[in-house]
1. For a bin width of 5 Å, list the pair-distance distribution of the range 120-187 built from all Cα-Cα distances, rounded to whole %.
2. Quote the charge dipole size of the chain about the Cα centre in Debye, to the nearest 20; the model charges only the Cβ of Lys and Arg (+1) and of Asp and Glu (-1).
3. Tell me which GluC sites (Glu not before Pro) from the range 71-168 have a DSSP coil assignment and no more than 14 other beta carbons within 10 Å of their own.
4. Cα axis of helix 24-33 to longest principal axis of the chain: angle in degrees, 0 to 90, nearest 10?
5. Under 15 Å from the Cβ of Glu175, count the other residues' Cβ atoms, weight Lys and Arg +1, Asp and Glu -1, and hand me the total.
6. Heavy-atom accessible area per residue, the chain, 1.4 Å probe: how many Å²?
7. Output the peptides 32-44, 16-28 sorted from most to least packed, where packing is the average of other Cβ atoms within 10 Å over each peptide's residues.
8. Nearest 500 deg cm²/dmol is fine: what mean residue ellipticity at 222 nm does the chain get from its DSSP H runs of n ≥ 4 alone, each adding -39,500 (n - 2.57), divided by its residue count?
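The values are calculated or read from the model by the stated rules, or taken from the named source; none is laboratory data. It should be emphasised that the depicted structure is a prediction, and the values quoted were computed from it without experimental measurement. Here Cβ is always computed from backbone atoms with ideal geometry, including for glycine, and neighbour counts include all displayed protein chains. Only protein heavy atoms, including side chains, enter the accessible area calculation; ligands, DNA and RNA are left aside. Shrake-Rupley method; radii C 1.70, N 1.55, O 1.52, S 1.80 Å.
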Amino acid sequence: ARIDKPERMRRAPQYRPTLVDPHREYLRQRRAEDPAVPVLQLLGEIRERGHTGSQNLLYRYIAQGRVENDRPAISPRSLSRLLLSRPDTLRTDQEELLHKTTSACPEMTRLASLVRTFAQLLTPADGNGGRLEEWINTAEEVNLPHIHSFIRGLRLDQDAVRAALTSEHHNGGTEGVNTKTKLIKRQMYGRAGFHLLRHRILLQ
């Protein structure tokens, strides 16, 4: 309901790796030289280059347009995972794909920059409170509605956010105990009293 164009409803196709992938550049070159080249001929040529797949696999690969695409489509979820991953954990091909995608338009470039600079704040330090305010001011100037929504969430609980970014102490252990207690309680579906709940917690 929030999109402004129907085209934005289209999802990126999800393709699994196939045996044809290593020969993609060769197939693109051959089809550029001779658009009418028969698929059977292409199959014979790539088999000489080491291809072991079937004829139907090559037919489907070409019919899906995977030969002519400049780069494989990437889904929003996959791109989000790449953006939010630590740079030193990415493979070389993932780094190249992330660079191509984030440099495709100014909005993606700004988004990638904001994500990286905010990630630097997640290591607690004394000066992160001021850096957080600078980050928010910078992000508010960018026309990215989802970032603005994230900023509103930060503003609603800014004291807690500032404490999390500046202090090495946290209540993660306490929250973990609370979550565990709720899990044990829900496992009993409310049919047992406090004494049984206490007993189960102590025995965990």
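1. 3, 15, 19, 18, 14, 12, 10, 6, 3, 1
2. 1300
3. The qualifying sites are Glu141, Glu168.
4. On a 0 to 90 degree scale, this one is about 40.
5. +1
6. Heavy-atom SASA per residue in the chain reads 75 Å².
7. 16-28, 32-44
8. -18500 deg cm²/dmol
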